[in-house]
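Working notes, structure below.
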Amino acid sequence: MAVDPGLRICRDLRISPDGIEILTATKKELVLDLFNSMEVVRPRDVEAIGVSGSYLNLLFRQGVLDRPHRGLYTLPEAEPTEFRSIVEACKLSPNSTVCLLSALRVHDLTTQSPYEVWLAIGEKDRKPQISYPPIRVVRFSGAARTFGVEQHELEGIPVTVYSPAKTVADCFKYRNKIGLDVAIEALRDCRRTRKATNDQLWKAANACRMANVMRPYLEATS
């Protein structure tokens, strides 16, 4: 006898006036319910709720799910936000931290939408092997790696991002890569929108060893 791929796998008990009632949920129901809380799902996400990761591929072949990139699944009707590439990169590299130009985008401190997703990893961490979306990896160590780490939620996915103040300091540190004009604009926007206080900016500058570089710009925008 063929086994229904949506065979019930979960049982809950509910006490009703007439006695105990067994409630069942199918694999398909459990997986689709997961998309109510996050828009991009990986096999490890469904494995955490007791469903084999390979079941996502079965639903994809049946046309129930879309697979925009290898290892990532979405609902066909899902409308991606401007942060979809960041979400996808973070799902594929959960130990990375969104930084620099991508962090500026998350904090709405730039109107640019960088082609690459900028991710920070530890000095000795293995570089993420991601074919898509395109990523740009930088290595941080010490306080530059741990200072100013925040948790944000994008498309229902928890994403680790550096704070506005830390991101501004990082932009000055990597000014030769992204441009000094970008760093100055980020500082001005951060001040204008009050995303960070002067004290937070100074602390971030010290954590990144950028205090001497940033001092004239901080004083000029005070």
Set L109, L104: member being of a type outside the set (D, E, K, R), assigned to a loop (DSSP other than H, G, I, E, B), buried (at least 20 other Cβ atoms within 10 Å of the Cβ) and under 20 Å from the mean Cα position of the chain (by Cα)
L109
Being of a type in the set (D, E, K, R) and touching a residue at least 40 places away in the same chain (Cβ under 8 Å) is the filter here; which residues of segment 94-144 pass it?
D108
Filter segment 199-222 down to residues that are under 13 Å from P164 (Cα atoms) and either among the hydroxyl-bearing types (S, T, Y) or surrounded by 13 or more Cβ atoms within 10 Å (Cβ to Cβ) (or both), then give me how many there are.
6
Taking segment 128-161 and keeping residues among the charged types (D, E, K, R) and exposed (fewer than 13 other Cβ atoms within 10 Å of the Cβ) leaves E153
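Yes/no matrix, rows are residues, columns are (1) among the charged types (D, E, K, R); (2) modelled with pLDDT of 95 or more:
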residue	(1), (2)
Y132	no, no
E153	yes, no
P158	no, no
Y162	no, yes
D181	yes, no
L218	no, no
Within segment 67-86, residues under 22 Å from Y55 (Cα atoms) and among the β-branched types (V, I, T) come out as T74
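The values are calculated or read from the model by the stated rules, or taken from the named source; none is laboratory data. Just so it is clear, the structure is predicted and the values come from calculations on it, not from any experiment. Neighbour counts are summed over all protein chains in view; Cβ atoms, including those assigned to glycine, are modelled from backbone coordinates with ideal geometry.
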